[in-house]
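To keep things clear, I will list the structure first and then write my remarks on it.
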Amino acid sequence: MSKQRIVVVGNGMVGHKFIDNLIQDKKGNDGLSNYEVITFSEESRLAYDRVQLSYFFSGKTADDLSLTDDNYYHENGIKFVLNDKVVELDFANKHIITASGRIESYDKLVLATGSFPFVPPIPGNDQAHCHVYRTIDDLEAITESGKTSKVGVVIGGGLLGLEAGNALVNLGLETHIVEFAPRLMAVQLDEGGGALLRRKIEEIGVKVHTGKATTEIIAGEFCRYRMNFADGSFLETDTIIFSAGIRPQDELARLSGIDIGERGGIVINNHCQTSADNVYAIGECALWENFIFGLVAPSYQMAKVVAAHINGNTDLAFTGADMSTKLKLLGIDVASIGEVHGKTEGAQSYTYHDEIEQVYKRLIVSQDGKKLVGAVLVGDVDAYGTLLQLKLNDMVLPDNPSALILPSSDDEQSTGLGVDALPDTAAICSCFDVSKGDIKQAVAAGCCNMGDLKSSTKAATGCGGCAPLAKQVLDSELASLGFEVKNDICEHFAYSRQQLADIIRVKKIKTFSVLLTECGSGLGCEICKPAVANILASYWNDYVLEDEHVGLQDTNDNYLGNMQKDGTYSVVPRIPGGEITPDGLIVIGQVAKEFDLYTKITGGARVDLFGAQLNELPAIWKRLVDAGFETGHAYGKSLRTVKACVGSTWCRYGVKNSIGFAIDLENRYKGLRSPHKVKFGVSGCTRECAEAQGKDFGLIATDNGWNLFFGGNGGMRPRHGDLFASDLTDEQLRTYVDRIYMFYIRTADRLQRTSVWLENLEGGIEYLRDVIINDSLNINAELEAEMESNIENYQCEWKTTIEDPEKLKRFKHYINSHEADAGLEFKVEREQRFPTTKNDNKIHITELV
Amino acid sequence: MMENNLNNTTWTDICTLSDLTPNAGVCALFNKQQVAIFLCKQTDNVYAVANFDPFGEANVLSRGLIGSTEDITYVASPLYKQRFNLSTGECLDSSEHRLKTFNVRIESNQVQLKEAS
Ligand code: SRM
Ligand SMILES: Cc1cc2nc3c(=O)[nH]c(=O)nc-3n(C[C@H](O)[C@H](O)[C@H](O)COP(=O)(O)OP(=O)(O)OC[C@H]3O[C@@H](n4cnc5c(N)ncnc54)[C@H](O)[C@@H]3O)c2cc1C
Ligand code: SF4
Ligand code: FES
């Protein structure tokens, strides 16, 4: 039998999803061998995540956003043509024609052409620096404009307009939003919600102009352009983004005679079939019951329906979808559920408006008060998950619905509806259509944490909005199956990290083998060995390369450098506080030059030398140690850097000597192993140039002493530290830090940063204050003594190592030859050396140890 | 070093037992190949597998950690942590790759390697 040819026009989010569904549906059977699939895109790249598009401005690259790649398509036999627009559909001959003249015949044709931004017909709208906000190319052009602009305007105050506004803020422009309607986000929000959103946006410096119709864009006096409004007012700007809505990209279908809706959109039925035989339409170009769905979740549903239909399953149908949304716009939480404009007859509402905290919540309920019709939340969207489930599952409201939006006080019983109350059909993840039942099934099949759940169901891997709810369902399911949510470190020890730390401390255990005999089984593994090595180091601060410890250390600790992707290591000398003499800098430069090491200033305000081979490390470190440098412990779960500003020594605003104090602190805690790495920041005044609030320990100088912040974090989940205590003297500060640091070492989980530890600490920062300041556990004397002993036992591991010929034996690539690793290859870029491995693996940071 | 010992039936001296690090690995050059040799003190076994990590695509496996799960003794790659059975070379986390293994023994304090037949 000859293969069925499927042609997919458009490789956007939905076109790709359809292809992926085809591949996944057939996995394990005969693959796609019965099909020949070819897809065309007008864009220059394969599908990427448009939903996350704005992250482009916070550093994501086109690669990060991509949803697929050449390999995946090649492996599955999918053909694709980029940069080629399909310009004609010939139903009689069952083929399509592209702009480049290519003709492809089809058995099934899928139109996934998406939509295009509507640009209002304002004279002057087609000049340079006038943009739309839809593709990566658009964002690149906006960034380019940003470089030569001071002021930017977004025309359109809807959801996308606000996102575009955020982009302009990120580019550092004075930002204005111009909206024709009398309020922002008119589709999703009611009047009260729109008004509060506006106030919040204005507070962050974005100027909002509502009720303005732009009549023309002409040359400006102070800026590049001047926009004139119908009411006679005007606004000057250098760059403009149009975000006045989207229109279905239906031109191709229209020209070929397929049924099109009155206001555009390719008409489809419940199987997403169009009026032409064997032709489907899905995604934002499709019109279902006179409705265009401008969100991915419903569009993904359509993709699924069509893949199933082509595979012969006609049971699955598209039956509409929910348009609820929850977003963070310009840092403000906004959510809208169901119908919010009072169109439902007899509907009544509850409103909660807190002008002080700037929270607005409105609940719209049916005439009999039993069902939820819609809801608007601004400023506090915690109730979203609960409300959405009530709406989606058409559940009966609790007796006192107002409690759903009133702030909950601790004494009252929580009104949040427990996940147990949800029916199995409840949709938990709408991006991937995962129901509560699906999660239960996954758990029954052995999935026991979020990682497993994500890989087996894909839940929470799209927009991520459902993650908290998915976790709740998972935990409740595990609990109901009688699983204790286990905290064992691995199969070799039935103890948590904290318990192991207690055993080691109380029984004064000094080696892994003793611990294993006392309370473990098997040989150990890559999880427990480094964790135990780390605890041993935290309590006894032995040299980490003692024979007993060598086999326990991860490669980074084992060779005292961070392994890079090609197997070479990085070299980071400690530069306390970031202060370095010219001579010191010269030595680092000379060493880097001699060993041809790639040199970079790190995000931690010191210098990293990359590309050192195992056999080169001792010679490199000898040079550095001789010049007075010590190891920077960039490889250890230990103190990393104490970042400081110059403070009162130079800065005209500095009120304390931040740099001097930072250097003291760095020298005090250097080398100390802890459950995860620890960073400090010290700022000389409240301008906070050292970004101290983003560090584990943050110090800010005031006229009255130091303010100590604790639990800050950059990285994957940035968090500002909580203010622990104010107006501290140097001495008080050191004492508190000693105690908190050791208390963290005693009780945290493996690889748990202080931020997460603090968040999981029952009683939070207040409990911590009670322990540290009031000594409520009566352990402070012990904690201080432990810290003192650690400080006394400090050694520079590199110095110890280069002085011991036995230890140096391991710093060779081969045990039986002096040759270097022949597998290494380098290339030169920007006058420095880089590895040329094929290895472009992207790894999940959470899996790192 | 014996340069071209492609004879599969003879053992080649590599280093002395004391050159190995207990409960860790070293890399040896053998028949122009990089071989990772591990001495597991706890079970008194030596193992030899290819040093090339097929996932990370670098010569680093000798620098991985030894671990066990049930009865299997494995090495976890220092790059992305995939685990390989030290006796069979099988990857425990994916069927995509398998390491070549070598015969290894200790004869009067000498560590010796031989191509697996
Ligand atoms: C070199 C450097 C990037 C640079 O080119 O500037 C860097 C490089 C690495 N970082 Fe970092 N981080 C560097 C500053 C930072 C900073 C900025 C800072 O310290 O002010 C952060 C955010 C602040 C924070 O930690 O809260 C940072 C947050 C991370 C994280 C995320 C931690 C988190 O809690 O989410 C990881 C992953 C991890 O630790 O699990 C990470 C991990 C890594 C690793 C170790 C990944 C790895 O295993 O290969 C990188 C190896 C470094 C090497 O080979 O030397 N790095 N990393 C910076 C070295 C600073 C230094 O002098 O030691
Ligand atoms: C900035 C931004 C933020 C968003 N945020 C969210 C959000 O938070 N949540 C949410 O649910 N949705 C969001 N959306 C909407 C979401 O991105 C769309 O619903 C989704 O991308 C629609 O997918 P699609 O495949 O139908 O269209 P598209 O992704 O637009 O793909 C259509 C593709 O077809 C190509 N094409 C068109 N005509 C032809 C032709 N004749 N020949 C060849 N190729 C052609 C186009 O170039 C395009 O690449 C956002 C959109 C934007 C722009
Ligand atoms: S861990 Fe990520 S962010 Fe940090 S240096 Fe490596 S690539 Fe950059
Ligand atoms: S709802 Fe978007 S990832 Fe689950």
Check: Over the Cα atoms of the range A:56-115, what is the Rg over Rh ratio if Rh follows Kirkwood?
Finding: 1.07
Check: Can you give the average number of partner chain beta-carbon atoms within 10 Å of each beta-carbon in peptide B:19-28, as a whole number?
Finding: 6
Check: In what order, largest first, do A:Thr61, B:Thr9 sit by accessible area if the probe radius is 1.4 Å?
Finding: B:Thr9, A:Thr61
Next item on the list: Please name the residues of the range A:792-822 whose accessible area, counted over protein heavy atoms with a 1.4 angstrom probe, falls by no less than 20 Å² between the chain alone and the full protein assembly.
Entry: A:Lys809, A:Arg810, A:His813, A:Tyr814, A:Ile815, A:Asn816, A:Asp821
Next item on the list: Could you tell me the distance between the Cα centroids of the range A:587-619 and the range A:254-301, to the nearest Å?
Entry: 59
Checklist line | For the range A:145-174 versus the range A:524-552, the gap between their alpha-carbon centres in whole angstrom | finding: 52
Check: What nm distance separates the two modelled labels at A:Ile791 and A:Gln590, each placed 7 Å from Cα along Cα→Cβ?
Finding: 3.4
Margin query: Could you work out the pair-distance distribution P(r) of the range A:625-673 from its alpha-carbon pairs, with 5 angstrom bin width and percents rounded to whole numbers?
Written below: 5, 21, 20, 19, 16, 11, 6, 1
Item checked: Inter-chain Cβ neighbour average for residues B:44-53, partner chain, 10 Å -> 1
Check: Over the Cα atoms of the range A:31-75, how large are the radius of gyration and the largest Cα-Cα distance (Dmax), in Å?
Finding: 13.3, 43
Margin query: Calculate log10 I(q)/I(0) of the range A:461-574 for q = 0.13, 0.21, 0.23 Å⁻¹, where I(q) comes from the Debye formula with a single equal point scatterer on each Cα and nothing for solvent.
Written below: -0.69, -1.05, -1.17
Check: Residues with beta-carbon under 13 Å from that of A:Pro805, excluding A:Pro805: net charge, scoring Lys, Arg +1 and Asp, Glu -1?
Finding: +2
Check: How many partner chain Cβ atoms sit within 10 Å of a residue's Cβ in peptide A:550-561, on average, as a whole number?
Finding: 4
Item checked: Euclidean distance between Cα centres, the range B:55-81 to the range A:38-111, Å -> 40
Note to self: Let's test this: bin the Cα-Cα distances of the range A:17-157 at 10 Å from zero up to the farthest pair and state each bin's percent.
What the structure shows: 9, 31, 31, 19, 8, 1
Next item on the list: For the protein assembly as shown, give the percent of accessible area contributed by carbon and sulfur heavy atoms, probe 1.4 Å, rounded to a whole number.
Entry: 48
Next item on the list: Work out the FRET efficiency for A:Asn270 and B:Lys32 from their Cβ-Cβ distance, taking R0 = 45 Å, and round it to the nearest 0.05.
Entry: 0.10
Note to self: Please give me, ordered by residue number, the trypsin sites (Lys or Arg not before Pro) of the range A:7-105 that lie in loop per DSSP and have at most 11 other Cβ atoms within 10 Å.
What the structure shows: A:Lys27
Notebook entry, point to check: Picking from B:Gln42, B:Ser18, B:Asn85, whose Cα lies most toward the positive end of the charge dipole for the range B:12-115 (charges on Cβ: Lys, Arg +1; Asp, Glu -1)?
Noted result: B:Ser18
Checklist line | Charge context of A:Thr148, other residues only, Cβ under 11 angstrom, K/R +1, D/E -1 | finding: +1
Notebook entry, point to check: Can you give the helix-only mean residue ellipticity at 222 nm for the protein assembly as shown, where every DSSP H stretch with n ≥ 4 adds -39500 (n - 2.57) and the sum goes over all residues, rounded to the nearest 500 deg cm²/dmol?
Noted result: -7500 deg cm²/dmol
Next item on the list: Do me a favour and compute the ellipsoid semi-axes for chain A from its Cα gyration tensor, root of five times each eigenvalue, largest one first, whole Å.
Entry: 51, 34, 31
Margin query: Tell me the relative contact order for the range B:12-115 as a rounded percent, counting alpha carbon contacts under 8 Å between residues six or more apart.
Written below: 25
Notebook entry, point to check: For A:Cys519 and A:Glu688 in the same chain, what is the full-extension length gain: residue separation times 0.36 nm, less their Cα-Cα distance, in nm?
Noted result: 56.1 nm
Notebook entry, point to check: How large is the dipole of chain A about the Cα centre if only Lys and Arg carry +1 and Asp and Glu carry -1, each at its Cβ, rounded to the nearest 20 debye?
Noted result: 960
Note to self: Rounded to two decimal places and with Rh computed the Kirkwood way over Cα pairs, what is Rg over Rh for the range A:169-241?
What the structure shows: 0.99
Next item on the list: Give the Rg (one decimal place) followed by the Dmax (whole number) of the range A:1-88, computed from C-alpha coordinates and expressed in Å.
Entry: 14.1, 51
Notebook entry, point to check: What's the local net charge at A:Thr98, with K and R +1, D and E -1, over the other residues with C-beta under 11 Å away?
Noted result: -2
Notebook entry, point to check: Direction-averaged shadow area of the convex hull around the Cα atoms of the range B:12-115, nm²?
Noted result: 6.0
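The values are calculated or read from the model by the stated rules, or taken from the named source; none is laboratory data. If you're wondering where the values come from, they're calculated on a predicted model, not measured in any experiment. Don't worry about glycine lacking a Cβ; one is built from the backbone with ideal geometry, like all the others, and counts go over all protein chains shown. The accessibility values were calculated without ligands, DNA or RNA, using every heavy atom of the protein model including side chains. Shrake-Rupley method; radii C 1.70, N 1.55, O 1.52, S 1.80 Å.
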